Amino acid sequence: MASLIKKFRIKSFKEETPIIELKDLTISYGNRQIVEHLNMNVQKSEICGLLGPNGAGKSSIYHSIIGLVKPAFGKILINGEDATDIPTHLRCSKFGISWVPQYGGSWSDLTVFENIMAVAELHIKSKDERLAKTNNLIRKFELNNVINLKSKYLSGGQVRKLTLAMAMVKETKILILDEPFAALDPQSVRMIQQIIVSLQMFEKISITISDHSSRDLLGCVDSAMVLSEGSIVAKGTPQELVKNTKAIEAYFGEGFKI
Ligand SMILES: Nc1ncnc2c1ncn2[C@@H]1O[C@H](COP(=O)(O)OP(=O)(O)OP(=O)(O)O)[C@@H](O)[C@H]1O
Ligand SMILES: [Mg+2]
């Protein structure tokens, strides 16, 4: 499977046009500045990793991209257009953004089937198409055996698969994944890696992923960057990044290998 992912990578289609541009972005909560004058791009059709220690601000950056957190300073450009002041729901529909949050993301008292159908109700008019899409996603994410289980009774990994499936209901151009590998067993990690790469390959979706399962993340991205103390301290291909002394110092530590 790893070689399959690698083969996909070599063949993968890449464009050097930014789809997300963070310009001089500053994020603060009260008096605490989390991210300072950050400049960061995600290229069109790229899978881009965002690494960084706990509390570095990765989720906050994602929240600012979708509009849940208002930057104290700076701009967020999506597809070249200033999106900084566009409200979340309009921003996500206008630019086709789907987000899988680090925590939660499903209705705990709805079953797996009902959760996916609920999202489908918002985005797909035809009932037959809604059903077909829901069943297709349940198959794709191997959720058949828990289809009628309320999400509060799912295991950690099953919840990750469900929230990913929910993000896949609507037509997506930009996919933001906040810790998609957390709590997944090794075979599920490979399944999700393959789904991520196939979304890039066949649907030309631009994807950004943050995760502490660094090997799993580096196994499926084109490039990645390391966020530390409010700014990007290193970026490059996975092979470049693991050798970068600043990345080693700020995140990987000595002896990390992929
Ligand atoms: N809504 C909020 N109000 C106040 N402080 C917040 C809020 N959200 C995040 N923070 C703080 O901002 C900092 C960055 O948090 P964030 O969740 O963005 O980090 P992260 O890089 O995603 O960390 P992790 O790897 O643990 O997920 C943390 O110190 C956190 O406590
Ligand atoms: Mg986070």
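Just so it is clear, none of the values below were taken in a lab; they were calculated from the coordinates. Predicted, not measured: the structure shown is a model, and the values here were computed from it. Because the Cβ atoms are built from the backbone with ideal geometry, glycine has one as well, and the counts that use them run over all protein chains shown.
Here are some notes:
- Separation between Cα centres of segment 29-62 and segment 145-162, rounded to whole Å: 29
- Rg/Rh (Cα only; Kirkwood hydrodynamic radius) as it applies to the chain: 0.96
- Rounded, prolate or oblate (a/c below 1.5 giving rounded, otherwise prolate when a/b exceeds b/c) for segment 104-171 by Cα gyration tensor: prolate
- Applying the criteria of a DSSP loop state and at most 14 other Cβ atoms within 10 Å to the trypsin sites (Lys or Arg not before Pro) of segment 149-258 yields LYS204, LYS243, LYS257.
- When the GluC sites (Glu not before Pro) in segment 155-258 are filtered for DSSP coil states and for at most 13 other beta-carbon atoms within 10 Å of their beta-carbon, the remaining sites are GLU171, GLU229, GLU254.
- For segment 104-171, the relative contact order comes to 49 percent (Cα pairs under 8 Å, sequence separation of at least 6).
- With at most 11 other Cβ atoms within 10 Å, longest stretch of the chain clear of loop chymotrypsin sites (Phe, Trp or Tyr not before Pro) (DSSP): 104-258
- Helical mean residue ellipticity (222 nm; -39500 (n - 2.57) per DSSP H run of 4+; nearest 500) of the chain: -10500 deg cm²/dmol
- Residue exposure proxy: ASP109, ASP211, ordered by other Cβ atoms within 10 angstrom of their Cβ from fewest to most, comes out as ASP109, ASP211.
- As a proxy for reagent exposure, ILE176, ILE76 were ordered by neighbouring Cβ count within 10 angstrom, fewest first; the result is ILE76, ILE176.
- DSSP-assigned coil residues among GluC sites (Glu not before Pro) in segment 95-160, each with at most 15 further Cβ atoms within 10 Å: GLU142
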